[in-house]
Amino acid sequence: MLNYDIVVVGAGPAGSAAALKAASAGKKVLVIERGPEPGSKNVSGAMIRKDFVSSVFGDSVPFERKVDTLKLSLYDKESPVNIDFHPNQLVTTGRLKLDKWMSSVAENAGAMVISKTTGLNLTWDGDKAKTLITDRGEVSAKSFILAEGVNALLSMKSGIRGDLNTENSVQTVKEVYSVKKEDINSIFGFPDESTGMSWRFVMTDPLVAGFLYTYKDSVSVGIGSPINQLVERKIRPEKLLDDFLDKTGLSAKLKGYSLREYSAKVIPEGGFPNMNVSKGNVYICGDALGLVDPLTFDGISPAIASGTLAGTAALEGFTPDIYKYEMMKNTEISKIAKERKLESEFMSGNKAGEYINMISTLLKNWASGDLSGIRGTMIENYKNIIPDMLSFVINMR
Amino acid sequence: MRLEEKLYTLRYKKDEESHLSINDVDKCIECEKENGNPMPCISICPANVYSWEDNKIVIGYENCVECGACRIACPYENIHWEYPKFGKGIALRYG
């Protein structure tokens with residue numbers, strides 16, 4: 001049987017960060033990846049904070065376009081309210097290129113990466129995992145890192161965590177269209193091919209979070225919606241995406257361009273800190289811990305942060321308590337813990353609808369110079385919404 | 001565009017055995033009575049993997065995009081969901 005110091009399951013951002021950390025310390029590290037190559041099973045927008053990714057994996061982060069404009073469109077019952085931001089350091093990227101690159105950085109540090117290999121089960125001796133059984137044989141290690149993504153089968157089979165439920169998960173579907181560089185520039189008004197945008201949409205009843213990202217010569221669009229809502233209303237996710245594209249006018253913009261890829265992904269809206277993060281010598285990180293920022297949709301930064309910590313935990317032999325404590329100290333991870341309350345309010349009931357209606361009413365009052373309207377809206381929402389928002393802002397510090 | 005045409009855009013390597021299965025087929029009959037057709041697994045799946053034919057669930061696992069939503073949506077925790085083995089299943093280019 002092959003023997004390693006540390007075996008990492010999954011060559012996504014969390015797994016590669018963990019492998020990089022452990023291999024850089026001189027440990028014998030094996031990464032197994034179920035896809036034909038790193039990134040080939042992974043779905044996201046994808047927008048990343050380039051400076052943060054560089055701080056762990058080094059320069060030469062592969063990216064598509066700089067996100068010059070982050071546009072937010074809030075749809076209440078009538079027309080959308082649009083807000084534009086001009087962020088720094090955000091870029092769009094393709095997951096296949098990004099994940100392959102991260103994995104190669106871990107490989108260059110000395111980690112061994114084997115793809116087309118699926119982890120099936122851990123074998124245990126009491127509280128200590130001994131080996132990992134894969135479809136290609138069994139490997140033993142001193143510790144194991146589970147960076148296995150949102151469908152955290154090994155973590156669940158090992159009894160470390162339970163499955164997601166319909167209340168704390170979002171179904172997303174995404175389409176990528178091939179669009180010539182010049183056409184992207186003219187459709188969205190970009191001065192050149194390095195400028196891009198990220199566009200977020202929020203609609204209520206049913207609650208839908210939509211997105212658009214511009215890559216170099218393609219555009220991705222998609223929607224996410226809570227699974228319980230889709231199931232209760234028997235809404236098919238692909239139909240919701242079609243309706244979204246029509247309602248926002250994006251289908252007209254993309255008309256005539258060919259669809260290059262259709263994909264789907266479940267986004268966890270629950271998990272850390274309300275779950276176990278490790279057991280004995282097994283450490284969970286990334287999506288398997290539910291680490292996606294519910295406000296920014298960023299899962300890649302917390303994946304990298306938690307992966308690095310999992311690598312440290314395996315090196316130092318952290319107990320579950322210490323591993324959890326270290327995660328709470330990390331700003332990338334702890335902010336998700338702080339957002340959980342707002343997140344669950346958004347996922348249940350019609351809080352999202354109330355927020356959006358309040359914001360769009362306020363802005364419309366303001367735009368039409370209706371000062372008494374602003375006052376009225378504030379008074380109307382004084383009791384229920386504003387205290388929630390204030391407590392959220394206070395907790396966010 | 002029809003869903004079947006969307007699914008054609010995916011690179012895919014067929015696994016010989018299904019990575020999806022039903023634990024107890026009687027539960028599906030119960031579920032159909034309770035929820036009507038389409039049941040949760042059918043309506044949440046973005047790839048038309050599930051269909052209800054002759055009082056049983058038929059699984060077209062070749063269509064699966066490996067999102068996992070069916071397993072989460074099943075009210076009876078009745079879907080046995082594994083990953084395809086040996087690197088099979090979908091291979092995304094954009095992701």
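The values are calculated or read from the model by the stated rules, or taken from the named source; none is laboratory data. Quantities reported herein were computed from a predicted structural model and do not represent experimental measurements. Neighbour counts are summed over all protein chains in view; Cβ atoms, including those assigned to glycine, are modelled from backbone coordinates with ideal geometry. Remember, those area values only see protein heavy atoms, side chains included, never the ligands or the DNA or RNA. Shrake-Rupley method; radii C 1.70, N 1.55, O 1.52, S 1.80 Å.
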Discussion item. Tell me whether segment A:173-266 comes out rounded, prolate or oblate; compute the Cα gyration tensor, take square roots of the eigenvalues as a ≥ b ≥ c, and use a/c under 1.5 as the rounded threshold.
Written reply: prolate
Practice prompt. Show A:LYS253, A:LYS71 ordered by accessible area, largest first, where the area counts protein heavy atoms only and the probe is 1.4 Å.
Written response: A:LYS253, A:LYS71
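On a 26 Å Cα-Cα criterion, which of the cross-link pairs A:LYS97/B:LYS88; A:LYS66/A:LYS364; A:LYS27/A:LYS116 come out too long?
Where the Cα-Cα span goes over 26 Å, the pairs concerned are A:LYS66/A:LYS364.
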Discussion item. Test of the criteria: in segment B:1-87, which chymotrypsin sites (Phe, Trp or Tyr not before Pro) are in a DSSP loop and have at most 14 other Cβ atoms within 10 angstrom of their Cβ?
Written reply: B:TYR8
Discussion item. Assuming 0.36 nm per residue, please report the length gained on full extension of the stretch A:TRP366 to A:LEU2 beyond their Cα-Cα distance.
Written reply: 124.3 nm
Fill in: Simple Cβ-charge dipole of chain A, Lys/Arg +1 and Asp/Glu -1, about Cα centre, in debye nearest 20
400 debye
Worksheet, complete the sentence: Quarter of the surface of the C-alpha convex hull for segment B:3-92, i.e. direction-averaged projected area in nm², equals 5.7 nm²
Worksheet item: Could you work out Rg/(2.2 N^0.38 Å) for chain A, with Rg from alpha carbons only?
Response: 1.02
Fill in: For B:54-60, mean number of other protein chain Cβ atoms within 10 Å
0
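Taking a quarter of the surface of the Cα convex hull of segment A:276-324, what do you get in nm²?
So the Cα hull casts an average projection of 3.1 nm².
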Practice prompt. Heavy atoms only, probe 1.4 Å: what % of the accessible area of the protein assembly as shown goes to carbon and sulfur, would you let me know?
Written response: 51 percent
Response to the item:
Of the listed pairs A:LYS71/A:LYS234; A:LYS100/A:LYS255; A:LYS50/A:LYS100; A:LYS50/A:LYS329; A:LYS174/A:LYS216, those with alpha carbons more than 20 Å apart are A:LYS71/A:LYS234; A:LYS100/A:LYS255; A:LYS50/A:LYS329
Discussion item. Suppose every Lys and Arg Cβ carries +1 and every Asp and Glu Cβ carries -1, with no other charges. What dipole size does segment B:3-92 come out with about its Cα centre, to the nearest 20 debye?
Written reply: 400 debye
Discussion item. Once R0 is set to 22 Å, what does the formula 1/(1 + (r/R0)^6) return for the Cβ-Cβ distance between A:SER186 and A:LYS255, expressed as a FRET efficiency to the nearest 0.05?
Written reply: 0.95
Item to complete: Only helical DSSP H runs with n ≥ 4 go in: add -39500 (n - 2.57) per run for chain A, normalise by residue count and round the 222 nm mean residue ellipticity to 500 deg cm²/dmol.
Response: -11500 deg cm²/dmol
Fill in: A:THR166 - accessible surface, heavy atoms, 1.4 Å probe, Å² rounded to 10
30 Å²
Item to complete: Leaving out ligands and nucleic acids, note down the accessible area per residue over chain A with a 1.4 angstrom probe, in whole Å².
Response: 41 Å²
Worksheet item: Among A:MET112, A:ASN42, A:GLY369, whose Cα sits farthest toward the positive end of the charge dipole of the protein assembly as shown (+1 at Cβ of Lys/Arg, -1 at Cβ of Asp/Glu, about the Cα centre)?
Response: A:MET112
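With a Förster radius of 41 Å, plug the Cβ-Cβ distance of A:SER178 and A:ASP205 into 1/(1 + (r/R0)^6) and report the FRET value to the nearest 0.05. Walk me through the numbers on the way to the answer.
Numbers: r = 33 Å, r/R0 = 0.81.
Result of the calculation: an efficiency of 0.80.
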Worksheet item: If you line up the long axis of helix B:25-35 against the longest principal axis of chain B, both from Cα atoms, how many degrees apart are they, to the nearest 10?
Response: 80 degrees
Worksheet, complete the sentence: Probe 1.4 Å, all chains present, heavy atoms only: A:GLU193 accessible area in Å², nearest 10, is 80 Å²
Worksheet, complete the sentence: Which of A:LEU30, A:LEU74, A:LEU295 fluctuates most in a GNM of chain A (C-alpha springs under 10 Å)? That residue is A:LEU295
